[in-house]
1. Can you tell me the Rg and the Dmax, both Å, for the Cα atoms in chain B?
2. Please give the peptides B:8-14, B:116-122 ranked by average Cβ packing (other Cβ atoms within 10 Å per residue), highest first, as a rough proxy for protection.
3. What does the charge count around B:T130 come to, taking other residues whose C-beta lies under 14 Å from its C-beta (Lys +1, Arg +1, Asp -1, Glu -1)?
4. Do any of B:K73/B:K150; B:K68/B:K150; A:K25/A:K108; B:K52/B:K127; A:K104/B:K127 go past 31 Å between their Cα atoms, and which?
5. Can you list residues whose amide H is under 5 Å from B:L148's amide H, if they're 5+ apart or on another chain and H is modeled 1.01 Å from N?
6. Quick one: what do you get for the range B:5-72 if you divide its Cα Rg by 2.2 N^0.38 Å?
7. Normalized C-alpha radius of gyration of the range B:41-87, against 2.2 N^0.38 Å?
8. Say a site is exposed when it is one of the chymotrypsin sites (Phe, Trp or Tyr not before Pro), sits in a DSSP loop, and has at most 12 other Cβ atoms within 10 Å; what is then the longest site-free stretch of chain B?
Amino acid sequence: MEYKVKIDAFEGPLDLLLHLLKEAKVDIYEIKISEITQQYLDYIHAMEQLQLEIASEYLVMAATLIEIKSKSLLPKQLVEIEEEYEEDTRETLIQKLINYRQYKEVTKNLRELEEERGQFYTKPPIDFSPYIESTIKLPEQTLQVEQLILAFEQLMRRHRLNQPLKTRIVSQTISVDDRMATLSKQLKYKKRMAFSRLFDRFDKEYIVITFLALLELVKGKEFIMIQENYDEDIYISSLEGDDIV
Amino acid sequence: MTLFKEEQVGVLEGLLFAVGNEGINLEQIVYALEIKEDVTLALINELKSRYKKESSGLDIIEVAGVYKMTTKKDHAMYLKRLIENPNQRGLSNATLEVLAIIAYRQPITRHEIENIRGASSDSIVRKLLTFSLIEEAGRLEGPGRPILFKTTTDFLDYFGIQTLEELPELPFVPEDFILDEESDLFKLPNEA
């Protein structure tokens, strides 16, 4: 007996079994395990001779078939319990085949739907992002504490990105008072400074001290913080600046 | 602001053009045009009937709950000439088979799929995930908590249907032969 072996023609052992049943014109419900086992094994041998790699699931199925077949060959009166088992395995196999065939058959219908839908072409949607306004005007020209936090977070993020892989730790203690003195001197001289420029050193302690110093200065009503736009920098300016310069 | 009907049809056409293959649902059109639902439906029908004329190359389809502007089905053969490799056969048989099992049995684990097919399906499931025809649907409460899969709205669109109810019916199977779910070793008995 000769078999035409098609590589990759089957989706698995169940598919192969269905194919063999169809060729033998046997109804699934009338499946004779001994016959189908022989055909199945012939097929596997043919694949072996062609030196095709046989997936393990095909061998598992072969083992199952042989098991069912051998059980059915045992004398009946001796193995009443075994017979029940044999029926079970056979029935499960039939159920599996029928169940699998359902999906295999409905695949044809899905293919039709796929082809039908494939006749309609669409295009991607318009990209509206260039039309979205990117700057949001503040409702009032007052500075909220949230904005200050946001600016600080942005600064820290930029700092993280700029950070070298190795850092040398130099401990140098500065006080809030020292920092306040330096800042107020700078601000009186420059009149206006950007928030992001105040942090000329990037260590946590320095940033915290500077931030505290800044809050103290603003609290003392000598300085004011202004932000024109939501995403713009915050500026610190001296209230007495005009008198000095 | 109320527009005359002619203008409304024009606006609708523009909306459909803008949203492209993402589609637009009825509520969105109602919102954009500030008109009632029944009026909107009448507008859609009006535009559809205009597109039916031979002088138009466009059409409107309804898939997965949205309206989409498409080219005409009858013109597909001409449009295919623009495609460099027009051997688009769609999904492979094996892929379609796995997709069918997921569609009718969702949510389903990979193990259950493999149990039905009697063959490993890992790479196919992954392929379907990247095509976004299926997606994860949580995990099965059981040993190993395996991932469950279900179909997506892209799946509905791919087969040109509105809902899962529109899927073709599975072939009839006598009750005695319906596979007992409990026979699956890895499936826990229903606790509920």
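Where a number appears in this text, it was derived from the coordinates with a stated rule and is not lab data. Treat the numbers as computed from the prediction; the structure is a model and nothing was measured. Heads up, the Cβs are rebuilt from the backbone with ideal geometry, glycines too, and the neighbour counts pull from every protein chain shown.
1. 21.7, 66
2. Sorting B:8-14, B:116-122 by mean packing, highest first, produces B:116-122, B:8-14.
3. Once all neighbours under 14 Å are counted, the net charge is -2.
4. The pairs that break the limit, which is 31 Å between Cα atoms, are B:K52/B:K127.
5. B:A137, B:G138, B:R139, B:L140
6. Cα-based Rg divided by the globular estimate yields 1.01.
7. Output field value: 1.34.
8. With a cap of 12 other Cβ atoms within 10 Å, the longest stretch comes to B:5-171.
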